[in-house]
Structures are given as C-alpha cells and as structure tokens.
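*Asks:* Quick one: the structure is below, and I'll ask about it shortly.
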Amino acid sequence: PENIYEFGANYFSTLLEQLQASEQDDAQPGRLTPQEMEALLKRLFHEADSDGSGALSIEEFRNVMNQADMGISKSEMRRLMAE
C-alpha cells in the first residue's frame with residue numbers, strides 16, 4: 001500500500017465487516033449508527049494499543065497487521081511502517 005491512511009481505513013472497515021458478520025443473527029444485515037461505529041473503532045484501537053499510550057507503536061502496528069493476516073509481505077510491511 002502506498003497510502004498508510006487509506007490502508008488503515010480499509011483495515012478497520014474489514015475488521016468491522018468481520019465483526020458484523022460474526023454478530024449477525026440468522027444472517028440479518030445490520031447497520032451501525034455513527035455513534036456505534038465510533039465506539040467500535042475506538043474499542044478496536046484500544047485493543048491494539050496494548051501499552052495504553054494513545055498511539056500505536058511500531059510493534060503494536062506490526063502485531064495488528066500480523067493478526068489481520070492480509071497477506072502483506074515483509075518488504076510491504078517495512079514500506080508501510082516507513083510512512
């Protein structure tokens with residue numbers, strides 16, 4: 001990815017979709033309100049921010065990316081982290 005912000009938005013959108021899919025009853029589509037979306041994104045960020053610093057360190061970012069298992073190569077990861 002050439003744009004870390006676009007990549008982050010895509011990553012969190014994918015996480016949201018996965019979370020919604022796992023929480024749906026009888027495959028009923030659900031839609032989050034803006035407040036629910038904000039709460040979800042904050043929760044996901046705080047889970048990734050393991051040291052509670054309010055920002056993702058390189059290691060925390062690396063862990064999130066590895067957990068996401070998005071098929072990013074080591075060289076792509078280095079480029080992402082350099083941005």
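The values are calculated or read from the model by the stated rules, or taken from the named source; none is laboratory data. This is a predicted model, so every value here is computed, not measured. Areas reflect the complete protein model, heavy atoms only, side chains present, ligands, DNA and RNA absent. Shrake-Rupley method; radii C 1.70, N 1.55, O 1.52, S 1.80 Å.
*Asks:* Using a 10 angstrom cutoff on alpha carbons, build the Gaussian network for the chain and name the most mobile of A68, A39, A48.
*Replies:* A39
*Asks:* If you work out P(r) over Cα pairs in 5 Å bins from 0, in percent from the coordinates, which of (i) 3, 16, 29, 28, 16, 6, 1, 0; (ii) 3, 13, 22, 24, 18, 12, 6, 3, 0; (iii) 3, 12, 16, 16, 17, 14, 10, 6, 4, 2, 1 do you get?
*Replies:* Label (ii) holds the value from this structure.
*Asks:* Give a residue-ordered list of calculated ³J(HN,Hα) values for region 50-64 (Karplus: 6.51 cos²θ - 1.76 cosθ + 1.60, θ = phi - 60°; whole Hz; x for Gly, Pro).
*Replies:* These are the phi-based 3J(HN,Hα) values: 5, 8, x, 6, x, 8, 7, 6, 4, 5, 5, 4, 4, 4, 4 Hz.
*Asks:* What does the accessible area per residue of the chain come to in Å², with a 1.4 Å probe and no ligands, DNA or RNA counted?
*Replies:* 76 Å²
*Asks:* Something else now. Would you calculate, for the chain, the mean residue ellipticity at 222 nm contributed by helices, counting each DSSP H stretch of 4 or more residues as -39,500 (n - 2.57) and dividing by all residues, to the nearest 500?
*Replies:* Numbers: 4 runs with 55 residues, N = 83.
Rounded to the nearest 500, the figure is -21500 deg cm²/dmol.
*Asks:* Measure off, as a whole percent, the carbon and sulfur share of the 1.4 Å-probe accessible area of the chain, all protein chains present.
*Replies:* Heavy-atom surface of the chain belonging to carbon and sulfur, 1.4 Å probe: 50 percent.
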